[in-house]
Each structure stands twice: as structure tokens, then as C-alpha cells.
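Have a look at the structure below before the remarks.
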Amino acid sequence: MQPYITRTYMMKGKQQKVLHKGTNDKVNAFITLLYPYNGIKFNTSRTRNSGDFINHIKNIKRYVLKRSIKRFILVIDNASFHVSKKTRQYVERQSGWLTVVHLPKRAPFLNPVETRVNRNLKNDICANYCYETEEIYCVL
């Protein structure tokens, strides 16, 4: 996978070499922070669409049912797959256990997944390194 290149400290006159295979096979992650448990639920996918997001909600539903949680509040941003007609219809059918709260548009600083997970994931795992497989993403 093509690496995420970021600034790094190097000695004067030296340059870090980041080898890569020249293609960019992306792995998308749907991540939900579980408050107050400080855990996460995630799904990975080759695409990022409504169907994949609905699969992630189904994964959350299994978690909720297993722990006998009566109400789950899901706070999401306004990504296209979060607000699509297909997603809205699915969420409406889950009203017995799921409440969805939408964050304001263009406010990533309000989304703890962006600030606590994605930023660290990019900086600590993806930066300046090329992985041959996506297996590293599955150990999160």
C-alpha cells in the first residue's frame, strides 16, 4: 500500500527512503468509540459506501444486544454514506435501540474519532512506512 508521507527528523544531508510498490490499495475503516467503556468497534472495507456503513451498524447492534444495552446513541458526521437515503431508511427501522445524532457540517474538531483515532492512526501506524498487506490494520 502506498505510504502516508509526513515530516520526519533526519540528520543534515540525509533523506529517509520509503519503499513502496507504486499502487495505492486503500483500506477504509468504520470506527465507533464506545463511551464510557473506552473501547472501539470497527469494520474494514475496500469501499466506503452506505452498504458498508450499514454493515458497521449491524456490528454495533450485535454488540448492543450481547450486552443488553437498551439505547445506543450514535454520533456521526455528515459523510455522504451517513446521510444517504439507504442509510436513513435503515436507521429508521432501528429506532427501538438506536438514536442517531448528526454533528454540524464542517466540524471535524467535534468528532472524537477524527481527533483521537484517525490522527493517531495516520501518524503512528501509516506514516512513512509501506505495508505489503492490510493485516496491520486488523490488530487495532
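Counting lysine pairs in region 28-113 whose alpha carbons fall under 15 angstrom apart, excluding pairs fewer than 8 residues apart on the same chain, gives 6.
Dipole magnitude for region 28-113: computed about the Cα centre from +1 point charges on Lys and Arg Cβ and -1 point charges on Asp and Glu Cβ, it is near 260 debye. Give, as a single signed number, the net charge of other residues whose beta carbon lies under 15 Å from the beta carbon of N78, with Lys and Arg counted +1 and Asp and Glu -1. Every neighbour counted, the sum reads +3. Computed on the Cα atoms alone, the convex hull of region 28-113 gives a volume of 95 cubic angstrom per residue.
Potential lengthening of the chain between R71 and K41 amounts to 9.2 nm, from the contour at 0.36 nm per residue minus the alpha-carbon distance. For region 28-113, averaging the sequence separation of C-alpha pairs within contact (under 8 Å, six or more residues apart) and dividing by the residue count gives a relative contact order of 27 percent. Charge tally for W97 (other residues, Cβ to Cβ under 9 Å; Lys, Arg +1; Asp, Glu -1): +3. As a proxy for reagent exposure, T44, T99, T87 were ordered by neighbouring Cβ count within 10 angstrom, fewest first; the result is T99, T44, T87. Cβ-Cβ distance of K105 and K12, R₀ of 30 Å, FRET efficiency by 1/(1 + (r/R0)^6): the value works out to about 0.10. Here's how it looks for V75: its modeled amide H is under 5 Å from those of V101, which are all 5 or more places away or on a different chain.
The numbers here are math on the coordinates, done by the rules we state, and not lab data. For clarity, every value in this text was computed on a predicted model and none was experimentally measured. Backbone-built Cβ (ideal geometry, glycine too); neighbour counts: all protein chains shown.
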